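Enquirer: This is the structure I have questions about; it appears just below.
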Amino acid sequence: MVQAHDQMSSLLATSSTALGAVRSDGASVAVGSSAQYRMHGTDPLSDVLRTVKLSGALFFLVDASFPWGVEVPHAGAFSSIVLPGAQHVVSYHIMLKGRGWVNIPGVTSTWFEAGEVLVFPHGDPYSMLCEPNQPPEFDAEATIDWFRDMAAGKLPFVSKEGGGGEPRSEFVCGFLGCDMQPFNPVLSTLPRLLRIKRSRDGREDLLSHLIDLTLAEARQQRVGGESIRLRLSELVFVEVMRQYLETLPARETGWLSGLRDPAIGKVLVMLHEQPAHPWTLNELASRASMSRTALAARFSHVVGHAPMQYLTLWRMQIAARLLADSSMKVAAVGHEIGYESEAAFSRAFKKTVGVSPAAWRDGAVQRFCSAG
């Protein structure tokens with residue numbers, strides 16, 4: 001019991017939704033500072049997931065008997081139910097037993113089985129069915145009603161669905177909120193459907209441990225259990241992203257591919273550790289031991305943005321989060337990310353984001369009030 005408690009405590013300590021932070025030198029980081037969202041020595045993936053405010057919404061287990069099927073509408077139709085105030089909701093499902101079909105209209109239809117994790121990064125409507133042409137037990141409207149009851153605490157953690165026949169399927173359903181605007185480099189480069197096969201080679205599998213801990217916590221019905229499950233669901237998603245990164249083909253492009261490229265990964269670390277530094281292409285190229293031309297071409301090819309364009313986008317994401325979460329003045333936010341004057345920051349923010357910093361802050365306040 002002590003071992004399980006220690007393991008859970010260690011895992012939760014790394015949750016991306018921590019309100020405060022501690023630097024690698026042991027000093028505390030003040031809430032409302034840009035350092036809350038970027039800490040020296042952290043990797044870019046952790047930096048991004050912290051800054052886009054990844055947060056657990058719903059997490060439950062489905063025990064489905066044949067025939068079963070569910071139709072899930074676009075995330076925009078239920079995001080205000082499962083996580084009010086969230087810009088975007090990501091759905092993912094972990095198959096524990098059985099098999100079925102997943103379909104994204106106009107995009108893909110594919111078979112899945114136990115041991116796989118399915119992620120829908122872009123909020124697409126989709127269906128999960130025991131057979132490819134099986135009519136869903138829950139259509140989109142019924143699913144929204146079901147989400148509303150689950151979010152209100154009216155339903156048990158384990159949901160029994162289907163017609164009572166064999167074969168049976170069992171899968172975990174997780175929903176996470178996060179920011180997509182102004183810039184989320186992780187989700188923006190993911191495919192419409194992400195499939196990950198969990199490890200079967202007998203090695204230590206963190207994902208399995210996280211799932212087991214979550215299910216064990218759900219069955220105990222202890223005080224604070226929902227909060228722990230949601231934090232664990234965030235960690236499940238992070239581990240899925242790490243496993244996806246490990247399986248990317250060598251020639252794959254995108255932000256995650258950039259992390260494992262020796263030169264591009266080094267540049268990304270530098271930009272994330274010091275976004276306010278007056279970077280130039282010359283300095284980045286020198287530190288990466290590349291020519292200006294080679295760095296610009298490779299960074300653009302792999303990441304999808306030129307180095308200085310990426311820096312601007314990332315600075316604006318940090319600024320957007322500071323404007324939404326802190327009472328810092330606009331000029332102070334601009335200074336935190338490298339702008340010497342409020343006017344220069346405001347021009348850059350509006351050009352990149354489409355609205356002024358003040359308008360962005362007002363919109364964030366309105367979203368927060370409507371969520372409450």
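Enquirer: Could you identify the single residue in GLY174, GLY224 that is in the same structural domain as TYR92 (by TED's automatic domain parsing) and touching a residue at least 60 places away in the same chain (Cβ under 8 Å)?
Expert: Answer to the check: GLY174.
Enquirer: If you don't mind, there's one more thing I want to ask. Quick one: is PRO249 over 17 Å from LEU58 (Cβ atoms), free of Cβ contacts under 8 Å to residues at least 12 places away in the same chain and within 22 Å of the chain's Cα centre (by Cα)?
Expert: Judged against the criteria, PRO249 is a match.
Enquirer: Moving on to the next point. When you go through (1) buried (at least 17 other Cβ atoms within 10 Å of the Cβ); (2) farther than 19 Å from ARG195 by Cβ one by one for PHE237, which number turns out not to apply?
Expert: PHE237 satisfies every listed condition except (2).
Enquirer: With the condition kept exactly as written, say whether any residue in region 265-278 is crowded, with 16+ Cβ neighbours inside 10 Å, assigned to a loop (DSSP other than H, G, I, E, B) and in contact with a helix residue (DSSP H, G or I) (Cβ under 6 Å, 6 or more places away or on another chain).
Expert: yes
Enquirer: OK, next. So if I check each of ALA86, ALA77, which one is buried (at least 21 other Cβ atoms within 10 Å of the Cβ) and not β-branched (Val, Ile, Thr)?
Expert: Exactly one of ALA86, ALA77 is buried (at least 21 other Cβ atoms within 10 Å of the Cβ) and not β-branched (Val, Ile, Thr), namely ALA86.
Enquirer: If I go through region 41-85 residue by residue, how many of them are among the charged types (D, E, K, R), under 18 Å from the mean Cα position of the chain (by Cα) and either outside any helix (DSSP H, G or I) or within 23 Å of ALA151 (Cβ to Cβ) (or both)?
Expert: As a first pass, look at region 41-85 and keep what is among the charged types (D, E, K, R): 43, 47, 50, 53, 63, 71.
Narrowing further to those that are under 18 Å from the mean Cα position of the chain (by Cα): 43, 47, 50, 53.
Retained after the next criterion (residues that are either outside any helix (DSSP H, G or I) or within 23 Å of ALA151 (Cβ to Cβ) (or both)): 43, 53.
Result for region 41-85: 2.
Enquirer: Now for a separate question. Given the options ALA319, ALA297, name the one that is free of Cβ contacts under 8 Å to residues at least 12 places away in the same chain, part of a helix (DSSP H, G or I), on the phi < 0 side of the Ramachandran plot and not basic (Lys, Arg).
Expert: The conditions single out ALA297.
Enquirer: Another question, then. Looking at region 98-113 only, could you name the residues that are modelled with pLDDT under 95 and within 18 Å of LYS160 (Cα to Cα)?
Expert: none
The values are calculated or read from the model by the stated rules, or taken from the named source; none is laboratory data. What you see is a predicted model, and the numbers here were worked out from it, not measured in a lab. Cβ: placed from backbone, ideal geometry, glycine included. Neighbour counts: every protein chain shown.
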